[in-house]
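The values are calculated or read from the model by the stated rules, or taken from the named source; none is laboratory data. Just so it is clear, the structure is predicted and the values come from calculations on it, not from any experiment. No Cβ is skipped: glycine too gets one built from the backbone with ideal geometry, and neighbour counts run over all protein chains shown.
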Amino acid sequence: MNRRRFLATSAALSLGAHLRAQDAVTDLPSERKHGGSRETVLPRLSPFPLPQVRLLPGVFAQEAEKNARYLDSLSVDRLLYSFHAEAGISNSAEPYGGWEAPACELRGHFNGGHYLSACALAYATSSNEDLKRKGDRMVAALLKCQQKLNAGYLSAFPETFFDRLSREEKVWAPFYTLHKILAGLIDMYTLTGNEDALRAAEGLGGWIAQWSANRSNAQMQRILRTEYGGTNEALANLYAITGKNYYLDAARRFEQPSFFDPLAAHRDELTGLHANTNVPKVIGAARLYELIGDLRYRSIAEYFLEEVVRERTYAHGGTSNFEHWKTPPGRLDGTLTIADAECCVAYNMMKLARHVFSWTGDPRWMDYYERTLWNTRLGTQNNNGLKMYFTPLAAGYWKLHNSADQSFFCCTGTGVEEFAKFTDTIYFHDGDGVYVNQFLPSELHWPEKKIRLRQETAFPSEDVVRLIVRGAAATEPFAVHIRVPEWTAPGGSVSVNGTRSEVFAQPGSYLSIRRIWRDGDRVEIKLPLSLRPCPLPGNPAMQAAMYGPIMLAGVISNETAPPEFALTGEPLPKKYPDPQPAPQIDAKDGDSVNWMDAVSTRDLTFRAASQGKTISVMPWNRITTERYSVYWNVKA
């Protein structure tokens, strides 16, 4: 990743507007009380509320609709089965299988957690009333279950799981599941206004606070060796809503010095750790920084994000191998397998990047967010709305998706959330202007400025993004800041109302146009894409090919996966073949991708020659049933 900082340049347009290339903001946010909220640290930049941004027709809108159809296909009665069973409420529905089967110790994480979050997000981002009604029905039923249980406890498994946890007996991550349930209830309250959801969340948060308060610090540290998700983040969010300090105190009980201390000292001791166990802990640290202003939490979050993205990330933005960071930093050679880059980890890394970006305004984190969004998110759902668990990066494998009702993996849950919230990071703002972070057809409603900002683009099939201002009646100027990605090739340009500027921004910065905006004003920015290599950390000869932020894949064959590759109750098939050798390329210049040709940049089709054979190449996110290869063995 390009870590340079670019000096700002500026010039006045003949139109009377002021355009400049904006460098990353690196000073601290002002630390003062946010009016009416609990944050101690004001963000440098803030996302717009989800209802103010809507997707326009395009691939992301299509994928969001597939996800919504899958969510709507699920039965509320079946989702509630294990909750009803635990509360002693009759339910004749057939329970779902996989990780939500009545005998699975993780039951409830999707059915009572991720599903609620996804319904709330779908309502907030697309006004999906059907999913809101389903979410409301779930909340009402969960509240009844909670009232039949003990002192605010709410789960699809018994409290005895926590007795086992206290005795350090084997149990599968009970606090992980409670985190998902608590987060789902909070989302239903904050995104749909469901007051019962807050009642249930407070009850569950109170139970967690009391349970943890009854354990010594030493006992809690032993307990926290078992995965607990983002329990610290969810409790911190509950404090932010209610102002009740015991939720904040409880959040800080779910903190591990053995994990945080090396990060605070800027030491990478991640090798051997389970990736998705630990990323949510850092998100919790980020949230605590925002709420109480402790700079140690900020340092932990920023160092962790920087280290994982720079030293432990594949070309598509994902990280981990067989769920773990198995190798030292900067050494991913030998890790290309069927089980690369668990999708949950990408989801959580994007959440963390979003926090850090809000503090710093650093465009690097939106470059990273974009790469991950277009690859390890967009490419992981099939036509039926089913999601992937791993993203195989070794040659010769297929994409593998969960079943509709017999899987419910963790990545199913984060997947249905991700595909319900594509609008959440397209636009941010400060007090003076809007930041266009992602290039997705969309429309922003900004009532404070009395405008709508419409983004029209076929990116990445074209390299032009058009912004149209509607309804502007402002008498004061404000800025529109447009990210110029690090991958931008020479030849970029910008015009306002058809007049081209002689000034452009350096790649890896924001280009800013400040003016009094009028209804119908149009900005057109050209962001040229080009082919470029992305070497595997630790093995420069093993290279992925990128087109702008898009990771490309060679089609090894059109042979579809055999039936035994179908995923049901486990995230990998019981048997799978060894990977094939990566296609070999003889190249004159290892710093370019001159061994690949563009057949049609509009259609995003390419081709490469390997040992006398022509290989068709396309974006990895367009691979469906084909066998593919992402990394190429390039011999200069």
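Within segment 608-623, restricting attention to residues that are among the hydroxyl-bearing types (Ser, Thr, Tyr) and surrounded by 14 or more Cβ atoms within 10 Å (Cβ to Cβ), the residue that is farthest from Leu552 (Cα to Cα) is Ser610.
Within segment 139-162, if we keep just the residues that are within 31 Å of the chain's Cα centre (by Cα) and of a type in the set (A, V, I, L, M), the residue that is surrounded by the fewest Cβ atoms within 10 Å (Cβ to Cβ) turns out to be Ala140.
Would you mind finding the one in Ser442, Ser407, Ser403, Ser461 that is among the small types (Gly, Ala, Ser) and under 20 Å from the mean Cα position of the chain (by Cα)? After ruling out the rest, the residue left standing is Ser442.
Only one residue in Phe439, Phe390 is among the aromatic types (Phe, Trp, Tyr), closer than 30 Å to Ile482 by Cβ and part of a loop (DSSP other than H, G, I, E, B). Which one?
Checking each option against the conditions leaves just Phe439.
Annotation note: of Leu116, Leu13, the sole residue that is at pLDDT below 95 and either among the polar types (S, T, N, Q) or buried (at least 19 other Cβ atoms within 10 Å of the Cβ) (or both) is Leu13.
Residue by residue, here is whether (1) surrounded by fewer than 23 Cβ atoms within 10 Å (Cβ to Cβ); (2) under 22 Å from the mean Cα position of the chain (by Cα) holds:
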residue	(1), (2)
His481	no, no
Thr499	yes, no
Pro507	yes, no
Ser512	yes, no
Arg522	yes, no
Ile525	no, no
Pro528	yes, no
Met551	no, yes
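Scanning segment 403-432 for residues that are touching a strand residue (DSSP E or B) at 6+ places or on another chain (Cβ under 6 Å) and at pLDDT below 95 yields a total of 1.
From the list Ala200, Ala236, Ala209, the one residue that fits, being surrounded by 20 or more Cβ atoms within 10 Å (Cβ to Cβ) and within 26 Å of the chain's Cα centre (by Cα), is Ala236. The residues of segment 393-406 that are closer than 22 Å to Trp620 by Cβ and assigned to a loop (DSSP other than H, G, I, E, B), listed by number, are Leu393, Ala394, Gly396, Trp398, Lys399, Leu400, Asn402.
When the residues of segment 560-571 are narrowed to those that are part of a loop (DSSP other than H, G, I, E, B) and either acidic (Asp, Glu) or in contact with a strand residue (DSSP E or B) (Cβ under 7 Å, 6 or more places away or on another chain) (or both), which ends up surrounded by the most Cβ atoms within 10 Å (Cβ to Cβ)?
Ranking the qualifying residues of segment 560-571, first place goes to Leu567.
Checked against (1) buried (at least 21 other Cβ atoms within 10 Å of the Cβ); (2) assigned to a strand (DSSP E or B); (3) out of contact with any Lys or Arg (no Cβ under 7 Å at 6 or more places or on another chain), Thr488 meets all criteria but (2).
Filtering Val76, Val53 for residues that are crowded, with 22+ Cβ neighbours inside 10 Å and within 22 Å of Asp130 (Cα to Cα) leaves a single hit, Val53. You will find that of Asn278, Asn375, Asn382, the residue that is of a type outside the set (Asp, Glu), closer than 25 Å to Leu604 by Cβ and more than 13 Å from the chain's Cα centre (by Cα) is Asn382 and no other.
The set of residues in segment 277-310 being in contact with an Asp or Glu (Cβ under 7 Å, 6 or more places away or on another chain) and not β-branched (Val, Ile, Thr) consists of Pro280, Gly284, Arg287, Leu288, Glu290, Leu291, Gly293, Glu307. Taking every residue in segment 47-59 that is on the phi < 0 side of the Ramachandran plot and part of a loop (DSSP other than H, G, I, E, B) and pairing it with any residue that is surrounded by fewer than 17 Cβ atoms within 10 Å (Cβ to Cβ) and aliphatic (A, V, I, L, M), at least 6 positions away or on another chain, yields no pair with a Cβ-Cβ distance below 9 Å.
Go through segment 572-611 and tell me which strands (runs of 3 or more DSSP E), entirely inside it, have 2 or more residues that are touching a residue at least 24 places away in the same chain (Cβ under 8 Å) and closer than 29 Å to Met388 by Cα.
Passing ranges, in order: 596-600, 605-610.
If you go through segment 316-337 and pick out every residue that is under 21 Å from Ala582 (Cα atoms) and crowded, with 22+ Cβ neighbours inside 10 Å, you end up with 9.
For segment 600-607, state whether one or more residues are on the phi < 0 side of the Ramachandran plot, among the small types (Gly, Ala, Ser) and surrounded by fewer than 20 Cβ atoms within 10 Å (Cβ to Cβ). Yes, because at least one residue in segment 600-607 is on the phi < 0 side of the Ramachandran plot, among the small types (Gly, Ala, Ser) and surrounded by fewer than 20 Cβ atoms within 10 Å (Cβ to Cβ). Number of residues in segment 612-636 that are in a strand (DSSP E or B) and acidic (Asp, Glu) equals 0. Quick check on Ala236: is it under 23 Å from Ala197 (Cα atoms) and touching a Gly at 6+ places or on another chain (Cβ under 8 Å)? Answer is yes for this residue.
Considering each residue of segment 364-387, count those that are of a type in the set (Gly, Ala, Ser) and part of a strand (DSSP E or B), and give that number.
Filtering segment 364-387 for residues of a type in the set (Gly, Ala, Ser) gives 379, 385.
Subset that is part of a strand (DSSP E or B): none.
Total satisfying the criteria: 0.
For every residue, the table says whether it meets (1) assigned to a helix (DSSP H, G or I); (2) of a type in the set (A, V, I, L, M, F, W, C); (3) in contact with a helix residue (DSSP H, G or I) (Cβ under 7 Å, 6 or more places away or on another chain); (4) in contact (Cβ under 8 Å) with a residue 60 or more places away in the chain.
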{"site": "Thr271", "(1), (2), (3), (4)": "no, no, no, no"}
{"site": "Lys281", "(1), (2), (3), (4)": "yes, no, yes, no"}
{"site": "Leu288", "(1), (2), (3), (4)": "yes, yes, yes, no"}
{"site": "Tyr303", "(1), (2), (3), (4)": "yes, no, yes, no"}
{"site": "Glu307", "(1), (2), (3), (4)": "yes, no, no, no"}
{"site": "Leu336", "(1), (2), (3), (4)": "no, yes, no, yes"}
{"site": "Ala346", "(1), (2), (3), (4)": "yes, yes, yes, no"}
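Scanning segment 343-364 finds no residues that are over 27 Å from Val484 (Cα atoms) and charged (D, E, K, R). Checking each residue in segment 491-509 for being outside any loop (DSSP other than H, G, I, E, B) and closer than 24 Å to Ala315 by Cα picks out only Ser509. Evaluate the following for Gly184: is it crowded, with 17+ Cβ neighbours inside 10 Å and without any contact (Cβ under 8 Å) to a residue 60 or more places away in the chain? The answer is no for Gly184.
For segment 150-165, a tally of residues being outside any loop (DSSP other than H, G, I, E, B) and either touching a residue at least 60 places away in the same chain (Cβ under 8 Å) or out of contact with any helix residue (DSSP H, G or I) (no Cβ under 7 Å at 6 or more places or on another chain) (or both) returns 4.
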